[in-house]
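The numbers here are math on the coordinates, done by the rules we state, and not lab data. The structure displayed is predicted, hence computed values, not measured ones. Here the Cβ is made from the backbone with ideal geometry for all residues, glycine too, and neighbour counts use every protein chain on show.
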Amino acid sequence: MTAFESSEQPSRALARLSAAVIGVDDGHITYANAATEPFLAESAQAGQGVAIDEAIADARAWNLTERIEAAIDEAADQRFTAHSEAIDAPVEIRICPEGDGVSLLVTTEGETTESEADETATATRERVVDRQETAFRRLQEITASDDEFETKVEALLSFGAEHMGVEQGYFARLTDETQEIVVSAGENEQLQAGSTAPAAESYCRHTVAADEPVAVTEASEEGWDDDPAYQRFGLACYLGATISVDGEPYGTICFADRDPRETAFTDSHETFVELLAGWMSDELEQRERERQYRRLTERITSGYYALDTDWTITYWNDAMAERQGVPAESVVGENLWEQYPEIEDTVMAETLRKAMASGEPRTCEFYYEAGDYWTELQVFPDENGLSVLSTDITDRKAEQQSLRSRYDLAIDGANIGTWDWDIETDELQFNEQWATMLGYEQDDLAFEFDTWEELLHPDDREATLDALSTHVAGDTETYEQEFRLQTEDGGWQWVQALGRVVDRDADGEATRAAGIHIDINDRKRAETRLEAQEAILRQLTETTDDVFWLFDAEFSEIQFVNSAYEDVWGRSIADLEADSMDFAAGIHPDDRGIAMDAIERLQQGESTEAEYRVNAEEDFGRWVSVKGEPIYNDGEIVRVAGIARDITERKAREQELRRSERRFEAVVNDPQLLMAVLDTDGVIQQVNEKAVELAGADRATLEGAPFPETPWWDYDADLQADLRGWIDRAVDGEYVHYEADHPVGDDEWITAEGSLRPVTDGDGEVVALVVSATDVTARKRREEQLEIISETTKDLITATSPAAVAERVVDIAGAVLDDPVQVMWEYDAEADRLVPWRASEAADQLTAGDELAGIEPGSAEMAAFRDGSPRIVDDYAAVEEPSHPETSLSSMLLYPIDSDGLLVVAAEESGAFGATDRNLLSMLASHAAAAFQRAEREQALETYKNKLEESNENLQEFAYIASHDLKEPLRSVTSYLDLLESEYRDDLDDDAQFYIDRAASNASRMSSMIDALLQYSRVETRGEDFEAVDADSVFGETLEGLAVLRDETDAEIDAESLPTVTADRNQLGQLFQNLVKNAIQHGGDPPKIGVSVTDTGNAWEFAVADNGPGIAEQHHDRIFEIFQQATTDQEGGEGGIGLAICERIASRHGGEIWVESDTTGSTFKFTIPKEQRETAD
């Protein structure tokens, strides 16, 4: 990092230099002052964080990167001149290394003229630059030295005074009341270290108040005659800058003289003072932090001490002094090993040395015999040595011993098996209950790990050992597993194992583990019974018309629903499984609130019963009665179950009963939008006041008028015709619902939902009609918005990239909220900022017409994104730190989309977005977060799939080409062998003939292996489409092809009737042929082969069994690998590839293949799924 880079004050100072100053760290610009702008490819600000070769236009022409690296490697300045194409002028570049970074100074050279004045000016500029560079270099040399802070300050004050040509330099501490000189360089007696003065009579107060350097050339001419500071100290010239600590003024650094200056202080002087003030601010802050740290360590109640790299004790807190009985002054400065030789060759010494050597933190527990106490050591290394926290754990150890005693008593009383494993010796201790659980006496079993491993059930062994090794390696906190152990009578005992590593060595390796075994036979039997009961329940629920359902407690997952749901609700079970709240879309919009309220009460533990309409496909004509019950486990709700019964017929009967109601008198002042009584001709008899107001007519005009000809309806002839039809239907006894739009004023419309109900007399004859309607404009808009959300968010699922998701989110937000301003910002993690991703056309209102820019850290929008919670803004102008202060927009909704970005919706009106808008946008944000995750996963999966397919194709092509190309030289070898044998047979002795025969045999075997490899590679590339195949027919053809081999071996083959499967016919035949041929060649004498098939539900499981000697278990997997054999003659000369081809064919069909074997023979099994892809890849 370049010098002074982290300080704001020096950065401000550097910005005033006429030379271009550029800070570079790790090849990237970290600072650039304003003078740098002409040399940058972009502006000085844009250059920060950009690679030096990209930011500076002339960097490559100057070989700047190589020169920077050379300066750092050599730790020496690099200076050179070059021509700058950026400014079309010669420049001088100086590279000053500082650690891993550099500072660049770029100055323009004076143009060469014949004028002596120009030469003098050029020389003057060069001297000024040299003085600047000398001053800054000296500043860095002093600050980088190992001297004490006060010594450095005195040296800097002395150099600064000399550099500026003044008599005095001083560092003053300023409080509200007093100025105190802390360090001074010069002869002025009033300004020596330790002298004080009232703050009101100090120059410091002016410097602190100005918050920038204060420069005075001649005080009397600049109005200082009446100033108390001038009257007290008489300083004619003065240059000072403020020193701040933790953001608060601390004091000043000043250079002054009692005589005035002939010339003003230069920018270079001010820059020097600001750099010095910045360095001192940083140093004083560091000293303050160190002081606070030391106070903090003194407050630590645990023992704390520090060691340097030579094992010298450098710090010893009061807790250590009290515990050891040795004060700090007696041990600080002493060697640890000499002071405490008794800790040599202990775990404590080992831990300390390993921490020092590795540089990594270490911990251990250690019994300090000399002090008779247990301590827990936490060792933290750094470049200066070790920091050690020593906590007394004597009481904890005693409690642990007490707990262990009580634990042993509890174990004995609970009849729980215990085990204790010495991992280093593999000795395993069991208690008597453990042996009794398995039907053994304790003395019957060898106390070794192998004893336990041999008792494991074969099906449980691998998972159990994996879980144990994972815990021993330290990857899990505890070891928990359920498995079976063999009992003394040969049966199997289910146990639950619980345990953990209890001891580890200094390297963290496990040395001892312990735990228990609990008998869970009864629980396992109960689980089996429960599974059977669930199967019966599922069978029963599939034969009823009622809907049975089971959700988790949060209604986030449907755990069971029977097929009646699809008929009653009119929605698919697949959609419900994909979205557990999909059932709500099948509920009438007016009734969804009832269902949601019932869900809320269920989650609170109440039983519920509700009735509502369902099935959108039938216009919500189905009525259901839904009962729900919470299911508890250990006092907590774990599931919610219920039943929904179709009560449509009952509701119809209730409606018929309502139709028999007699004529009633409508309430004139009913608050509904419309309440009217009509006669059977459709003429208004009575109407409420609200309807009269909306009609804009008087009551006398309306009452007695035909209902279709009133102002509510006369604007639309088609609607009037519909209304007359509705009246006719109501007169015929039908209960008619309607929905219509009515004008209100010139530009406003409302949506009314109403009904025409017939009123009958005692004989069931319709005598009047009651019309009622309510204003559902707001509800309809909400429904439209919900429908937009429901429909459009489905499109999010199909978005294949995050950019596509962002675009659709912006479009959906506009559609749902009537096209306000909407913008989606993407989070750029590398730059730690939000950048525009997608925006609506009106988004330029955010920037008052300017192009959208990124959102930077520190803004209100970035704060909302980091918080992760939605933020509602009703008055954007009142927001602190807005990112778009110039906007005319007032209302905003800020919705973070996980870590992907921020969705912003805005409008000009204050408080434009209500609760409904916020809820809708919250739903959209939730869907968007899931869509972004899905799109990112799909992109990653697609990339991985493409790479995998490409790799597979290349491998298969390679195998084919390699096999094909190997045939040519092999044929040549065979031909020459035949020629040698035919022409020189009589001249060859028996050994030569034997060698030729062996070579020919091996060449033939190699040819067979190449053919087999070629065949293996073609399983995927040359396979046929899957089709319905009669396995019986294919197996018959296979036996015909093996007729000669069968006759030669007297093989007996017994095959069941085989089913029709979906497969590649040729490959299925090859699979049968390889397995049957293998069975004949490795069967008994004579071979006996059995072929059978089992329906496993989703697949057909085929089996080919032989009566051979069997295959050792360790070969069960490897025999399916290419060129791998269980024995030297395995697979009858197929070169170890026949079973590999079988495995590849089974895999291509989506099935599996394996072998089961013992001394009575081997059975090869493979599966073919019942449902296949239409075409194999």
* Can you tell me the FRET efficiency between GLN993 and GLU1037 if r is taken as the Cβ-Cβ distance and R0 is 45 Å, rounded to the nearest 0.05? => 0.60
* To do: Stick to Cα atoms and the Kirkwood definition of Rh, then tell me Rg/Rh for segment 765-825.
  => 1.34
* Structure fact -> In this structure, among LYS397/LYS524; LYS945/LYS1077; LYS947/LYS1165; LYS945/LYS1165; LYS794/LYS945; LYS627/LYS1170, pairs with alpha-carbon gaps over 28 Å are LYS397/LYS524; LYS945/LYS1077; LYS947/LYS1165; LYS945/LYS1165; LYS627/LYS1170
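Multiply the residue separation of ALA915 and GLN486 by 0.36 nm, subtract the distance between their alpha-carbon atoms, and state the gained length in nm to one decimal.
Net length gain for the segment: 148.0 nm.
I'd like the projected area of the chain, averaged over all directions, using the convex hull of its alpha carbons. Report it in nm² with one decimal.
With the hull built on Cα positions only, its mean projection is 85.8 nm².
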* Describe numerically, in nm with one decimal, the distance between label points set 7 Å from Cα along Cα→Cβ at VAL638 and at VAL50. => 6.2
* Asked: With charges set only on the Cβ (+1 for Lys and Arg, -1 for Asp and Glu), what does the dipole of segment 300-392 come to about its Cα centre, in debye to the nearest 20?
  -> 200
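At 222 nm, what helix-only mean residue ellipticity would the chain give, in deg cm²/dmol to the nearest 500, using -39500 (n - 2.57) for each DSSP H run of four or more?
Helices in the chain give a 222 nm mean residue ellipticity of -13000 deg cm²/dmol.
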* For PRO198, what is the net charge nearby, where nearby means another residue's Cβ is under 10 Å from its Cβ and Lys, Arg count +1, Asp, Glu -1? -> 0
* Asked: Each label point is 7 Å from the Cα along the Cα-to-Cβ direction; what then is the distance between the points at ARG779 and ALA193, in nm?
  -> 8.6
* Rounded to a whole number, what is D in µm²/s for segment 584-655 from Stokes-Einstein with the Kirkwood radius over alpha-carbon pairs (25 °C, 0.890 mPa s)? -> 189
* Structure fact -> Quick calc, THR178 & ASP850: beta-carbon distance into FRET formula, R0 60 Å, rounding 0.05, result 0.70
* Between ASP741 and ASP567, what FRET efficiency follows from the Cβ-Cβ distance if R0 is 51 Å, with the result rounded to 0.05? -> 0.90
* Asked: Residues of segment 797-837 with amide nitrogen under 14 Å from the 7 Å Cα-to-Cβ point of GLU791?
  -> 812, 815-816
* **Volume of the Cα convex hull of segment 751-898, divided per residue and given in Å³** => 171
* So which chymotrypsin sites (Phe, Trp or Tyr not before Pro) in segment 712-745 are both in a DSSP loop and have at most 11 other Cβ atoms within 10 Å of their Cβ? -> TYR715
* Rounded to two decimals, what is Rg over Rh for segment 331-395 when you use alpha-carbon atoms and the Kirkwood radius? -> 0.95
* Points 7 angstrom from Cα along the Cβ direction at GLN685 and SER922: gap in nanometres? -> 4.9
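Order of 690-702, 158-170, 383-395 by packing, highest average Cβ count within 10 Å first?
Ranking, from highest mean packing down: 158-170, 383-395, 690-702.
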* What do you get for Rg/Rh of segment 397-524 when both radii come from the Cα atoms and Rh is the Kirkwood radius? -> 0.96
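Pull out the extension gain between ALA535 and SER145, defined as 0.36 nm times the separation in residues minus the alpha carbon to alpha carbon distance; nm, one decimal.
132.1 nm
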* To do: Enter the Cα centre distance for the pair segment 338-369 and segment 186-200, rounded to the nearest angstrom.
  => 53
* **Potential extension, ASP898-ASP225 segment - 0.36 nm per residue separation minus Cα distance** => 235.9 nm
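I need the GluC sites (Glu not before Pro) found in segment 231-290, filtered to DSSP loop residues with at most 12 other beta carbons within 10 Å of theirs.
Sites meeting the loop and neighbour criteria: GLU262.
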* Structure fact -> Given backbone amide H placed at 1.01 Å from N, residues whose amide H is under 5 Å from that of ARG833, ignoring those fewer than 5 places away on the same chain, are ASP828
* Based on the alpha-carbon gyration tensor of segment 847-888 and its eigenvalue square roots a ≥ b ≥ c, which shape applies: rounded if a/c is under 1.5, prolate if not and a/b is larger than b/c, or oblate? -> oblate
* To do: Could you let me know the centre-to-centre spacing of segment 201-224 and segment 1042-1111, using Cα atoms, in angstrom?
  => 105
* Asked: For segment 314-344, which chymotrypsin sites (Phe, Trp or Tyr not before Pro) are both in a DSSP coil and crowded by at most 11 other Cβ atoms within 10 Å?
  -> none
* Asked: What does the highest-first list of 67-77, 548-558 look like by mean Cβ count within 10 Å?
  -> 548-558, 67-77
